[in-house]
Each structure stands twice: as C-alpha cells, then as structure tokens.
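Reviewing the structure listed below.
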Amino acid sequence: MDLTNAVPGRPDGQLQDYEAARQVSWDEEAKQFTWWKTGRVNAAFEAVDRHVEEGRGDAPAILYYDGVRDETWSFRRLRDDAAQFGDALRRLGIGRGDRVFLFMPKGPELAVALLGIIRIGAVAGPLFEAFMETAVQDRLADSGAVAVVTTPTLRPRIPRERLPELRHVILVGAEASDAEAGEWSYTELMKGASADSPVEWVDRESPMLLHYTSGSTGKPKGVVHVHNLMIHQYRVGRWVLDLRPDDIYWCTADPGWITGTSAGLFAPWLHGVPVVIRGGRFQQEGWYETVEKFGVTVWFSAPTAFRMLMAGGDELPKRYNLSSLRHVLSAGEPLNPEVFRWGLRALGNRIHDNWWMTETGCTMITNYPALPIKPGSMGRPLPGIEAAILDDQGRVLGPNQLGNLAIRAGWPGMMRAIWNNEEKYKQYFPFEGWYISGDSAYRDEDGYFWFQGRVDDVINTSGERVGPFEVESKLVEHPAVAEAGVIGKPDPVRGEIIKAFISLRQGYAPTEELKQEIQQFVRNGLAAYAMPREIEFRDKLPKTRSGKIMRRVLKAWELGLPTGDLSTMED
Ligand code: ATP
Ligand code: MG
C-alpha cells in the first residue's frame, strides 16, 4: 500500500480487518433484528420499542437542548409518544402507505412524529424547515401528501388551497382554538389518543421514507426508501459510526435531509445509542458548547459546517473541553484536506469523510477509525458494498482512471423508486447490474476512492480533465480563501477554462494582486493547467440549504443561462 501521506488509524475501531469484514454477509446484520425471529417487521419498532421490550426503556434516546429547553427523553417516553401519535393519525383515517410530511424545526416532537408515522406503516416525508412556499408546495403536491405536521409559524408556507389531497394539518405548539378547519392541535390530538396502540407489521419492502434530494444538480427527486434500509443503517452504525453502548452521538444534519434521519436517528437508535439534538441555528460557540455539555463522543457533520468552524480560528475550540470526542465524521460534500488537517489540530481528531447520496440510503464509501486515512480520499466501500469506476459504455476501469462512480445494484438500503417518476429511476441503471451515481471519481491501487466532482461539473481544459474539487481544495488552503466554487467556462482555444468563485476570509480585500497571488498558489501547488484563469470574488457562494455549493447556479450566472430549480437555495 502506498501510505506515504496517510494518517495512521487508531487501534480501537470496531472494524479491524477490512478484508475479513467484506466476507460478513448482510444476514449477519439482519440477525440482530427481532423480525429475524418473529417475522414481524417495522423499522420504528426496531429503533425504539424494542429497547423498551428488552428492558432498556430507561436509557436515554434523545438529549435535547436549544438554549431554553433542556430535556432528556428515555426510549420509553419516545416509544409512548410515538405510539400515541400513531394512534392519533389512525383516528384521522391515516394508515399504510399514506404520505405524511414533517415541516418543523428539529426537536423531540419531530422525532415523535417521524416514528409515529413509520410505526403505523405510513410514509414519512421530512422537509427542511427553511423551505419557502413553492418548495413546500412542490413536494406536497408531487407526493400527494394527506397530512403535514408543522408549527403555527411555518403554517403560512403551506398553500392548502392548492393542495387538494392534503386533508390534515397538525400544528405543534398551537392551542385547539388556533386550529382552523382541517387543522389540529398536536397537544389535543395526543390527549385523545392511546399509547397502547399496536405496531403496524409491514413487509421489509414497504416504503417508510420519502426524501427529496438536495437539488444541487436540478429539480429535487422524491426518493423512496423501504423498511429494509434498517439493515444498512445498522451496519453503518457499527463500522462507520463505530458506535458503542455508552456513546453520546451527535449528527448535526437536519432530518429534512437523509443524513439527518438515516445516520442522524436510525443508525444510532438501532444500536440503542442516544442522539443529541441541538435546536436553533448554526453558531460556532454553540456547537463547541454542545459537544462539551453532553460529552459528545461521536460527532457527524458536513464540510460546510467544519469550514465555518475553521473560519472561527484555532483558538476558539481551545476554550472548550472537547476531550470526549472519539470519532468525527463528515458527509455531503467532499472534505478538503485543509479541513481534515484543521480537524487534527483543533478537534484533536481525524475527520472521517464518508460518501453517499439520498438514493443510496446510507453510507457507501468511507474512512474507518482503525484504518489509515489518505486526506482528500473518501475511503473504501462499506463491507457488503461493491463500488467501481465505469466508463461511459459501462466497462469497469482500472486504478487511477477517472470515470463514473458506480455501485453494484441491490444493496439493502438502495432506493426502491423515484416517486411518480419511473423514467427517472431507470436512468440510474443504464448498465445491467450497476447503479450509476452521477459523480466522477477514481480508485487508487489500494482501493481508496477519490471524488472529483459531479460528472457534469468535470472540466475539460486543454485536453486535461480536472475535477472542481481538487482545485477548490487547493484554493481553500490559501489563507485568504474561506470558500471556493469552481466551474468550467467554454473557451474557443482551450475547450474550457477554469473559473473560480471565491469568498474571502475576514480581513482580506478583493484586489487584483490577491487574484494573481491565488492563481500562482494553485499553479505552484497543483498544476499549471489547473490554475483558474478567471477569479471572481463574491461575498457568498450560492448554496443549497443543506450547505452544498451550487456549481450549476454559478455556471448559469456566468453564461447568462436560466438557473433552473432554486427551491433549495439559501436566501
Ligand atoms: P440533486 O440530486 O437534487 O442534484 P444532491 O445530489 O446534492 O442533489 P444529495 O443526495 O443530498 O443531493 O447529495 C448527494 C451528493 O452529494 C453526491 O452525489 C455527491 O456529489 C455529494 N457528496 C455526498 N457526500 C460526499 C462526500 N463525502 N464527498 C464528495 N461528495 C459527496
Ligand atoms: Mg444527486
């Protein structure tokens, strides 16, 4: 193995022998579930009820803090409320297969509603609370949602008159008197419902989650996941999150994105591990404070958040006791080596990059605690997952060749449909037996995968293929650069030239000199052909609400083309 620049693993990870782990069948995971013995399936039951039935009901399931409310919820309390909420839904005539959406801030009630929906065999559709009216309307209409759980503050963004299938609006934090026709106060509904209501036993192939994608590359797709996803989540909990019974786990992702439900709630709960939920907005001090307050041991976040923490400097984290952290993870976007190095310094931890998509259900390619990390690489496939690089004809490519990142189809957590759009679903499987991700990557001789960009974002300049990620990573190494988004701009001579959009760190002025300095920095540090010939400074880069740089928007602005669906873009 060429581990010249690798950072060694720590001996205590649960996955010790990678090759041996790859021989462990998915059935080994399946055997952990009660349905393996009883034949009765429900992911909500396995995540919560089961711990109560097996005598762990008093153990904490949720540690919630928002600066005002400070609550610990046991698995028993969570089970009882979820069961009661499920019963309330049943009394409204909601059941198997019905789509019930969640449009509310994160907190215990969101967790209760999510579990309650899944517990009765209905399909939960989580929406990010920052969505505006059109985004909400699109998703509720596309999915034919019959009910939505929301708050009085967010209710005005639900255009009921344009949603004929939406029968019920359930308001958390409202009095009965606040509710208009077709609306219900959550508290009132709960009063009239029973915690003794039974679990709806379903098929492993029954839908449970309908997650819309982030909209980085176009109109968001409604991805359908089934109860069988729990097998995949369980394995991720063990080998990727490296969870142990006494862990305190915090995933900062909002449940509006799959990271927030799959890695954020189900993976830890399936292992009986409590989750920290931090209410309110991102705030540097608040995040460090949360790690310290709860003694977080396993922390999962995203590059955009780590970059924001990094921009706060190395001194700030030193004011907090972060010594409880054992394992830190990142997903959603490529993790720049510079951010990785900051993690070593500021958090005293390696940040473990892991790659996946809404469509894949949970982590697919990842770095493991006990194994060496090559900074900039997203690691190796989760045992049980076969990943490969294919050319445009579906042929498997060898090491170090750039191509389509693909996965052997049929893993337990694979999406089962794109809602209402079979055509779209089929497009993920153009070659027999393979799922095509739409991402461009290569695999090195040691089996580590290196993300280069979205297939459509790869730049062809003077005959060289350049992934935007490589250039962006070099750019953020420059002390003046806070964030960078790189695109290919058509050029009569070079095919495309590289153009970089850059937001500067505080204290730096956007001068012509600085531009040249940054260009030289890339030229000397990466390659002459990778140097951005154009640089534009911007206060902010366009991002999805899940924190991803929207390169297609930069490109559309640059070329004066229509920007397409902007429903998931930040303000
Ligand atoms: P849309 O499909 O609507 O265009 P999206 O692809 O951003 O949006 P998600 O499913 O939330 O929606 O994100 C999956 C994508 O995020 C991946 O295809 C990949 O491009 C990127 N991604 C996720 N994790 C990583 C990672 N660790 N490294 C690099 N890229 C990542
Ligand atoms: Mg996508």
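The values are calculated or read from the model by the stated rules, or taken from the named source; none is laboratory data. For clarity, every value in this text was computed on a predicted model and none was experimentally measured. Don't worry about glycine lacking a Cβ; one is built from the backbone with ideal geometry, like all the others, and counts go over all protein chains shown. Calculation scope for accessible area: heavy atoms of the full protein, side chains included, ligands and nucleic acids excluded. Shrake-Rupley method; radii C 1.70, N 1.55, O 1.52, S 1.80 Å.
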- Condition met for Ile389 (free of Cβ contacts under 8 Å to residues at least 40 places away in the same chain, more than 13 Å from ligand 1 (Cβ to nearest atom) and either of a type in the set (A, V, I, L, M, F, W, C) or touching a strand residue (DSSP E or B) at 6+ places or on another chain (Cβ under 9 Å) (or both)): no
- Look through the stretch 520-544, keep the residues that are within 30 Å of the chain's Cα centre (by Cα) and open to solvent by 40 Å² or more (accessible area, probe 1.4 Å), and return whichever of them is farthest from Phe282 (Cα to Cα). Leu526
- Item | Number of the exception - Gly384 against (1) of a type outside the set (S, T, N, Q); (2) open to solvent by less than 10 Å² (accessible area, probe 1.4 Å); (3) away from ligand 1 (no atom under 14 Å from the Cβ) | (2)
- Query: On the given criteria, is Thr213 within 16 Å of ligand 1 (Cβ to nearest atom) and either over 25 Å from Phe45 (Cβ atoms) or among the basic types (Lys, Arg) (or both)?
  - Reply: yes
- Quickly run through the stretch 14-46 and pick out the residues that are surrounded by 16 or more Cβ atoms within 10 Å (Cβ to Cβ), outside any helix (DSSP H, G or I) and either free of Cβ contacts under 8 Å to residues at least 12 places away in the same chain or in contact with a Pro (Cβ under 8 Å, 6 or more places away or on another chain) (or both). Gln14, Leu15
- Taking the stretch 148-185 as the search range and keeping residues that are within 27 Å of the chain's Cα centre (by Cα) and of a type in the set (S, T, N, Q), which one is most open to solvent (accessible area, probe 1.4 Å)? Thr153
- Could you tell me whether any residue of the stretch 406-413 is closer than 30 Å to Leu3 by Cα and open to solvent by 20 Å² or more (accessible area, probe 1.4 Å)? yes
- Task: Working only within the stretch 370-381, note down all residues that are more than 16 Å from ligand 2 (Cβ to nearest atom) and either among the polar types (S, T, N, Q) or open to solvent by less than 10 Å² (accessible area, probe 1.4 Å) (or both).
- Result: Ile373, Ser377, Gly379
- Name every residue in the stretch 347-369 that is open to solvent by 10 Å² or more (accessible area, probe 1.4 Å), under 19 Å from Pro337 (Cβ atoms) and within 16 Å of ligand 2 (Cβ to nearest atom), in order of residue number. Trp355
- Among the candidates Tyr249, Tyr288, which residue alone is open to solvent by less than 10 Å² (accessible area, probe 1.4 Å) and free of Cβ contacts under 8 Å to residues at least 40 places away in the same chain? Tyr288
- Note on the structure: Within the stretch 127-142, restricting to residues that are buried (at least 21 other Cβ atoms within 10 Å of the Cβ) and more than 14 Å from Arg545 (Cα to Cα), the one that is farthest from the chain's Cα centre (by Cα) is Leu140
- Message: Would you confirm, using the coordinates I've provided, whether Ile389 is closer than 20 Å to Thr213 by Cα and either open to solvent by 30 Å² or more (accessible area, probe 1.4 Å) or among the hydrophobic types (A, V, I, L, M, F, W, C) (or both)?
- Response: no
- Task: Please work out which one of (1) open to solvent by 40 Å² or more (accessible area, probe 1.4 Å); (2) part of a loop (DSSP other than H, G, I, E, B); (3) more than 30 Å from Met364 (Cα to Cα); (4) modelled with pLDDT under 95 is the condition Pro198 fails and give its number.
- Result: (4)
- Exception for Ala82 within (1) under 23 Å from the mean Cα position of the chain (by Cα); (2) open to solvent by less than 10 Å² (accessible area, probe 1.4 Å) falls at (1)
- Item | Qualifying helices (runs of 4 or more DSSP H) (wholly inside the stretch 56-148; at least 2 residues being at pLDDT 95 or above and out of contact with any helix residue (DSSP H, G or I) (no Cβ under 9 Å at 6 or more places or on another chain)) | 133-143
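Just checking: which of the strands (runs of 3 or more DSSP E) contained wholly in the stretch 212-302 hold 1 or more residues that are out of contact with any Pro (no Cβ under 7 Å at 6 or more places or on another chain), aliphatic (A, V, I, L, M) and away from ligand 2 (no atom under 16 Å from the Cβ)?
In the stretch 212-302, the matching strands (runs of 3 or more DSSP E) lie at 275-278, 298-301.
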- Item | Answer residue from the stretch 451-472, given it is of a type in the set (S, T, N, Q) and more than 16 Å from ligand 2 (Cβ to nearest atom) and is farthest from the chain's Cα centre (by Cα) among those | Ser462
- Task: Might you let me know whether the stretch 259-267 holds any residue that is open to solvent by less than 10 Å² (accessible area, probe 1.4 Å) and among the hydroxyl-bearing types (Ser, Thr, Tyr)?
- Result: yes
